[in-house]
Amino acid sequence: MSGAIPNAALDVRNVMWLLAAMAFVVAPHAFRLPEWVGVFFALVVAWRAWIAWRAARNPPRWLVLALTFGAVAATFFAWGRIVGRDAGTTLLVLMTAMKLLEMKTSREVVLAIHLGFVLVMTNFLFSQSIPLGIYMLACVWLFVATLVGYHRGVGRTPTVRERLVPAGLLLVQAVPLMLVFFVLFPRVQGPLWALPQDARAGLSGLSDSMTPGNISQLIQSEATAFRAQFEGEIPPYQLLYWRGPVLWSFDGRTWKVPDFNITGSLSYSRAEKPVKYVLTVEPHGKHWLFSLDVPATLPPFSGIRQDLQIRSVRPVDVRVRYEMTSYLEYRYGEKLPANFRALALSFDERRNPRTVALGRQWAAESANPTEVLNRALRLFNTQFTYTLEPPLLTSENPYDEFLFDVKRGFCEHFAGSFALLMRAAGIPARVVTGYQGGEVNPLSRELLVRQADAHAWVEVWLEERGWVRIDPTSIVAPNRIDSGINAALGPIGVIPSLIAADRLGVLANLRFAWDALNSQWNQWVLGYNVERQRQFLASLGLEIADWKKLAIWLTVATLAVGGLVGLGLVLRDLPVRRDPAVVAWERFCAKLARAGLPRAPHEGPVDFLARIESQRPEVAAEARAIVERYVEARYGEGISRPESRDLLARVRRFRPA
Amino acid sequence: MLIDARARLAPNPVEEVVARASRVILGKERQIRLAMACILARGHLLIEDVPGVGKTTLSQTLARLLGLEHRRIQFTSDLLPADVIGVSVFDRENSTFRFHPGPIFSQLILADEINRASPKAQSALLEAMEEHQVTAEGQTRPLPEPFFVIATQNPLHQVGTFPLPESQLDRFLMRLRLGYPDARAERELLKGEERRDLISHLEPAMSAAQLLELQRAVTATQVSEALLDYVQALVSHTRVSPRYAQGLSPRAGLAVLRGAQAWALMQGRRQVLPEDVQAVLPAVVGHRLHGTGESQKGGFDAAADLLTAVPIP
């Protein structure tokens with residue numbers, strides 16, 4: 001021992017528990033922050049463990065100070081700032097490491113444990129999924145167990161069981177209060193915490209442009225794009241075109257959402273009865289909202305463009321849920337204004353010359369646009385192959401390269417080249433991106449649309465018919481449209497290939513159950529917003545208008561829960577029915593204690609009587625009568641009810657000086 | 001009244017035994033009473049102390065006063081089990097083996113210096129104590145009623161001793177220590193008659209039948225739920241507290257209760273009180289408890305700690 005002060009809190013095992021809990025809570029961050037943060041933290045934890053194990057000295061103050069400045073500087077160089085979600089979390093992780101290193105007193109240990117709780121919270125800035133929630137709950141349990149260990153004091157260090165069981169009981173006791181706070185805590189519109197801007201980084205989804213190659217990246221993603229719950233039957237698979245950004249502008253390589261912003265209307269001819277459904281869209285950071293082609297209503301706080309694309313007023317930074325109505329059979333855009341017509345026909349003459357020439361040739365040889373369309377579809381049907389991994393199109397004329405040389409591609413290649421051919425042939429055309437199909441969860445009857453279902457198709461404008469959807473991909477790979485991406489390509493990624501291999505469907509069912517659970521979690525836990533809170537409380541019969549009333553209810557409920565728990569604890573310590581003789585005896589002893597003659601806890605009644613007789617002879621006779629009755633009641637054959645009343649009365653009259 | 005500690009059962013042969021024994025062993029009334037309680041509770045008694053403080057005198061005095069047929073076995077390192085139990089000898093007249101019962105076939109055995117004998121001889125005696133019968137040459141023979149062993153032993157650190165294993169210590173209901181007499185008693189002892197002569201002149205103060213009757217009265221004393229709570233609290237404290245190497249066994253709990261019952265009867269009471277438990281507890285659990293930790297307290301201290309640590313419920 002090199003002069004270390006024996007300290008219960010800094011007992012080796014207690015420190016090891018703290019370090020283990022810290023390692024657990026920081027582990028998920030190691031994958032999100034730069035590698036050196038995780039490595040540095042691991043090194044410091046190992047160093048601190050060595051100090052505890054060998055009872056070595058903590059590092060000198062100047063070294064800790066230097067490392068602290070170094071950590072701040074490194075954070076700044078890594079992120080360009082020291083605030084914000086990523087930089088802030090980096091800094092917190094590094095400072096926690098420093099705290100562990102210089103930890104010497106019990107107070108610092110408790111501080112480190114509280115830092116651990118803050119680190120738990122920072123994890124939720126990155127993800128709020130169920131697995132992370134469970135993992136963080138385990139971390140909280142570990143920290144509480146560590147805290148339990150510190151408060152056991154000197155002596156035997158508690159066993160694993162002696163730590164985990166009380167810690168678990170503490171957490172269980174906190175559950176009622178947690179529920180009260182979850183249900184009643186006033187919600188604010190939007191995300192509960194004002195998340196820093198960079199918390200939105202890395203959201204996946206469609207973009208407002210399309211270049212050959214960028215959708216196929218999305219296809220690799222198993223992430224959920226949105227969920228749809230239909231009222232009644234789910235429409236046939238090949239009609240599930242989820243409309244997203246509509247791309248008009250074309251520069252020879254990239255299709256883009258045009259800059260104009262012309263409000264459209266929902267007036268168009270429609271047929272058949274509408275389809276009603278509720279969409280829950282995962283945050284994607286952009287303005288557009290999805291609907292089945294074509295929308296008949298608008299979600300709140302949104303508008304529609306002339307090309308039937310729904311735009312939200314605010315970027316979709318949080319999960320949004322809205323009700324929609326769509327018509328699957330429709331006719332719209334019979335009249336095409338000249339400026340739109342010009343835009344839908346424009347292309348760069350100098351790029352993709354062979355494609356342009358082919359389009360023009362078709363136009364010259366055909367009697368009407370329908371014939372052009374048929375020629376194009378025949379071309380795609382006979383010569384092209386659908387693949388997720390097409391060769392990169394690097395030349396200045398990517399669509400020439402695709403149409404005449406490579407002839408293998410993906411929806412974006414087909415849609416882009418088809419639209420260009422149409423424009424060259426003088427038929428107004430545009431590219432629509434969005435999602436196609438989805439997966440029905442048989443357990444919740446929900447349609448789950450993943451990023452992998454991203455799709456692009458074409459709309460051409462025909463005289464007297466308006467805008468007509470043409471999906472060249474369906475010509476090349478009918479499977480893609482009829483039964484989804486996996487049917488067209490075979491399973492993609494690890495999970496789908498496992499599912500494909502699982503003939504009994506166990507995995508598929510598990511995945512469906514998991515997805516249904518996630519959906520409930522999203523709707524009821526993460527999506528418990530102002531509106532839901534009001535609905536839920538209304539269903540309980542509480543009409544709560546504003547947060548002030550809510551705060552009052554929160555206080556009342558907290559006090560009620562606390563009171564009930566307290567009452568439960570008090571009642572637990574009380575015997576169900578108290579023996580009147582014991583009550584009398586305790587009063588008797590209390591009176592004597594006030595008179596300066598306390599009974600030792602282990603002192604028997606006769607021994608106590610002997611002491612009373614020698615020290616308080618003036619009350620000896622009365623004390624003897626009481627003791628005799630008490631002894632008979634408690635250790636003899638018991639006394640009758642009048643006798644016990646008599647005993648109580650005697651104790652009441654008993655007045656030791 | 002019922003809790004008047006001085007009011008005795010009248011006529012009370014137990015008080016007579018105590019009074020007469022106190023004239024032989026001076027200044028040790030408490031030990032004599034505990035020894036009597038042990039006998040009334042049908043338990044075997046172990047007296048442990050350094051040589052010369054009157055262990056053998058006490059056991060011989062009790063044997064005479066109780067009016068029991070008694071034999072003394074001096075345990076030595078060469079004692080054989082047959083010396084205790086008995087041996088079959090060939091009878092030439094009948095051409096058969098005839099069993100000659102050993103000293104164990106008595107109502108009261110005085111086993112002197114039990115820890116000087118080899119474990120083999122010890123176990124012969126200790127088995128008889130537990131079973132109240134002996135098995136020799138394939139035949140089981142019952143021992144007389146009542147049957148007691150009063151054993152004496154030297155403290156374990158003395159030369160030439162075989163310590164009794166814990167399982168055998170457990171068979172003794174109580175273990176007593178006599179300790180040195182106080183100055184007044186010692187002076188009287190020095191002035192007075194030879195102890196041996198005193199013992200030889202002692203007349204029995206009770207009969208074996210009276211003793212059996214008193215033993216039955218012990219089991220008839222009133223044990224309330226509250227008292228059982230107390231005994232259980234004491235026992236369970238030794239099991240959960242880190243201060244004891246090992247908790248008390250259920251047999252030990254039963255021994256505490258029997259001892260307390262006998263003590264209550266000797267106090268002339270029908271019901272057993274916590275005080276009775278406290279009076280016998282050190283003698284009953286002293287040889288069954290070992291303290292842990294830095295103190296490494298001996299059994300008697302550990303028992304005294306136990307009393308103050310557990311409140312009366």
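Annotation: residue A:119 fulfils all but one of (1) open to solvent by less than 20 Å² (accessible area, probe 1.4 Å); (2) in a helix (DSSP H, G or I); (3) not assigned by TED's automatic domain parsing to the domain that holds residue A:33; the unmet one is (3).
Do we have any residue at all in the stretch A:580-599 that's open to solvent by 90 Å² or more (accessible area, probe 1.4 Å) and under 30 Å from residue A:171 (Cα atoms)? So far as the stretch A:580-599 goes, no, none of its residues is open to solvent by 90 Å² or more (accessible area, probe 1.4 Å) and under 30 Å from residue A:171 (Cα atoms). Take the conditions (1) modelled with pLDDT under 85; (2) under 20 Å from residue B:213 (Cβ atoms); residue B:18 misses just one of them, which is (1). When the test is whether a residue is closer than 29 Å to residue A:609 by Cβ, in a helix (DSSP H, G or I), open to solvent by 10 Å² or more (accessible area, probe 1.4 Å) and facing chain A (nearest Cβ under 10 Å), residue B:232 does not pass it.
Looking across the stretch A:645-657, the residues that are open to solvent by less than 20 Å² (accessible area, probe 1.4 Å) and of a type outside the set (Val, Ile, Thr) come down to A:647, A:654.
Of the numbered criteria (1) in a helix (DSSP H, G or I); (2) more than 30 Å from residue A:638 (Cβ to Cβ), the one residue B:204 fails is (1).
Candidates are the residues of the stretch B:38-94 that are in a helix (DSSP H, G or I) and of a type in the set (D, E, K, R); the one that is farthest from residue B:112 (Cα to Cα) is B:64. On the stretch given as the stretch B:220-243, residues that are of a type in the set (Asp, Glu) and either touching a His at 6+ places or on another chain (Cβ under 7 Å) or touching a residue at least 40 places away in the same chain (Cβ under 8 Å) (or both) total 1. Can you tell me which residue in the stretch B:235-252 is farthest from residue B:173 (Cα to Cα), limited to those that are within 14 Å of chain A (Cβ to nearest Cβ) and part of a helix (DSSP H, G or I)? Filtering the stretch B:235-252 for residues that are within 14 Å of chain A (Cβ to nearest Cβ) and part of a helix (DSSP H, G or I), the one farthest from residue B:173 (Cα to Cα) comes out as B:240.
Against the numbered list (1) closer than 30 Å to residue A:619 by Cα; (2) within 14 Å of chain B (Cβ to nearest Cβ), residue A:573 comes up short only at (1). Among the residues making up the stretch A:607-644, those that are open to solvent by 30 Å² or more (accessible area, probe 1.4 Å) and of a type outside the set (D, E, K, R) are A:610, A:614, A:615, A:617, A:621, A:638, A:639, A:640, A:642. Identify, please: which residue in the stretch B:258-289 is of a type in the set (Lys, Arg) and within 14 Å of chain A (Cβ to nearest Cβ) and is, among those, surrounded by the most Cβ atoms within 10 Å (Cβ to Cβ)? Looking at the filtered set, the residue picked out is B:269. Would you check which residues across the stretch A:59-92 are more than 27 Å from residue A:120 (Cβ to Cβ) and either in contact with a Leu (Cβ under 9 Å, 6 or more places away or on another chain) or not assigned by TED's automatic domain parsing to the domain that holds residue A:114 (or both) and list them? Within the stretch A:59-92, A:63 is the sole residue that qualifies. Counting only helices (runs of 4 or more DSSP H) that sit completely within the stretch A:476-552, those holding 3 or more residues that are at pLDDT below 75 correspond to A:478-483, A:485-489, A:494-501, A:506-520. Residue B:220 satisfies every condition listed in (1) farther than 21 Å from residue B:302 by Cα; (2) surrounded by 15 or more Cβ atoms within 10 Å (Cβ to Cβ) except (2). Scanning the stretch B:115-153 for residues that are assigned to a loop (DSSP other than H, G, I, E, B) and either surrounded by 16 or more Cβ atoms within 10 Å (Cβ to Cβ) or in contact with a Phe, Trp or Tyr (Cβ under 9 Å, 6 or more places away or on another chain) (or both) yields B:117, B:118, B:132, B:137, B:143, B:144, B:146, B:147.
Of the residues B:255, B:217, which is in contact with a strand residue (DSSP E or B) (Cβ under 6 Å, 6 or more places away or on another chain), in a helix (DSSP H, G or I), away from chain A (no Cβ under 14 Å) and touching a residue at least 40 places away in the same chain (Cβ under 8 Å)? Selected residue: B:255, the only one of B:255, B:217 that is in contact with a strand residue (DSSP E or B) (Cβ under 6 Å, 6 or more places away or on another chain), in a helix (DSSP H, G or I), away from chain A (no Cβ under 14 Å) and touching a residue at least 40 places away in the same chain (Cβ under 8 Å). Residues in the stretch B:154-168 that are exposed (fewer than 15 other Cβ atoms within 10 Å of the Cβ) and of a type in the set (A, V, I, L, M): B:156, B:159.
The values are calculated or read from the model by the stated rules, or taken from the named source; none is laboratory data. All of these numbers come straight from a predicted model, not from anything done at the bench. Cβ coordinates were reconstructed from backbone atoms using ideal geometry, including for glycine residues, and neighbour counts include every protein chain displayed. These accessible areas exclude ligands, DNA and RNA; they are computed on the full protein's heavy atoms, side chains included. Shrake-Rupley method; radii C 1.70, N 1.55, O 1.52, S 1.80 Å.
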